[in-house]
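Single-structure report; data block below.
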Amino acid sequence: MAKIITIAHQKGGVGKSTLAINLALCFQDQLSVAVADTDHQGSLYHLKDELPGLTIIGADQFKDLHQLDYDLVIVDTPPYLSDQLPELFRRSDFVLVPTKAGFFDVMAIRSTLALIHQAKANAAIVLNMVKPRTSLTNDVIQLLAEMQTPLLKTVIHDRVSITRSTLTAGILNGNDPKAKAEIMALAEEVVNYIIL
Ligand SMILES: Nc1ncnc2c1ncn2[C@@H]1O[C@H](COP(=O)(O)OP(=O)(O)OP(=O)(O)O)[C@@H](O)[C@H]1O
Ligand SMILES: [Mg+2]
């Protein structure tokens, strides 16, 4: 059975697709991996030609995701709360919720988290696009602490190399060691959530 990792946040531009691709490329060394694009305007689907080494599939039906012939399927979701999400969350082995670290950004994940909670899904939040050398503000720390979903230790910073990563076939093939270390740390933390 394929393991399913879903990346979700109803807000656009928080790095769902970027993390989906980079995690997939990271796991690909050891596992057979596909990225599933549930977005009909699917930005990912259009990247197919730029990422020939990565299997990108369309996914309209979640029922069969576990039956797909891969070790791991990473599901990228669109920037709205579709009525397909509850079922997808129930079927996921792990749901990753990326967010920027501003107060209103973190506020915005609450409705996604509520759906995840209702689905009793195994999930965690990851901070993305955090400006290097800045610390979280107290209001954000408090807000995150009040959520019922854990926060990953790994923080992904705002890095030019990550913006460019999909075009350069992933962080791991790039030459920014800090970005590479962050993506690898993220992959490792995510694996631990799936195993537990
Ligand atoms: N850590 C990062 N550092 C720098 N740029 C980033 C980082 N993460 C994502 N980006 C950039 O931010 C933009 C939005 O990212 P992405 O398309 O992955 O978001 P998304 O959540 O999938 O958006 P949508 O919901 O609209 O599909 C992209 O240009 C991407 O390259
Ligand atoms: Mg996207």
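Bear in mind these aren't lab numbers, they're just calculated from the coordinates by the rules spelled out. Worth saying up front: this structure is predicted, and the values here are computed from it rather than measured. Note: ideal-geometry Cβ built from the backbone for every residue, glycine included; neighbour counts use all protein chains shown.
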What is the spread of the Cα atoms of the chain along each of their three principal axes, largest first, in whole Å? 45, 41, 33
With +1 at each Lys and Arg Cβ and -1 at each Asp and Glu Cβ, the charge dipole magnitude of segment 58-196 around its Cα centre, to the nearest 20 debye, comes out at 440
Scaled by the rule-of-thumb 2.2 N^0.38 Å, the alpha carbon Rg for segment 80-135 gives a ratio of 1.23
Calculated from backbone phi, Karplus (6.51, -1.76, 1.60) coupling profile of segment 99-107 in Hz, x at Gly/Pro: 8, 6, 9, x, 4, 6, 5, 5, 4
What number, in percent, do you get for the relative contact order of the chain if the mean sequence gap of Cα pairs under 8 Å and at least 6 apart is divided by its residue count? 26
Given Lys120/Lys153; Lys120/Lys180; Lys3/Lys153, the pairs whose alpha carbons are separated by over 25 Å: Lys120/Lys180
Between Lys100, Lys131, Lys180, find the one with the highest GNM mean-square fluctuation for the chain; connect C-alpha pairs within less than 10 Å. Lys131
I want the local charge near Arg133. Using Cβ-Cβ distances under 15 Å, sum +1 for each Lys or Arg and -1 for each Asp or Glu among the other residues. +1
Given Ser82, Leu127, Asn175, which one lies farthest toward the positive end of the charge dipole of the chain, if we put +1 on the Cβ of every Lys and Arg and -1 on the Cβ of every Asp and Glu? Leu127
Connecting every pair of Cα atoms under 10 Å apart in the chain and solving the GNM, the largest mean-square fluctuation among Ala24, Ala169, Ala123 falls on Ala169
In the neighbourhood of His157 defined by beta carbon distances under 10 Å, the net charge of the other residues (Lys, Arg +1; Asp, Glu -1) is +2
What ratio of Cα Rg to 2.2 N^0.38 Å holds for segment 44-113? 1.28
Summed over the other residues with a beta carbon less than 12 angstrom from that of Leu96, with K and R at +1 and D and E at -1, the charge totals -2
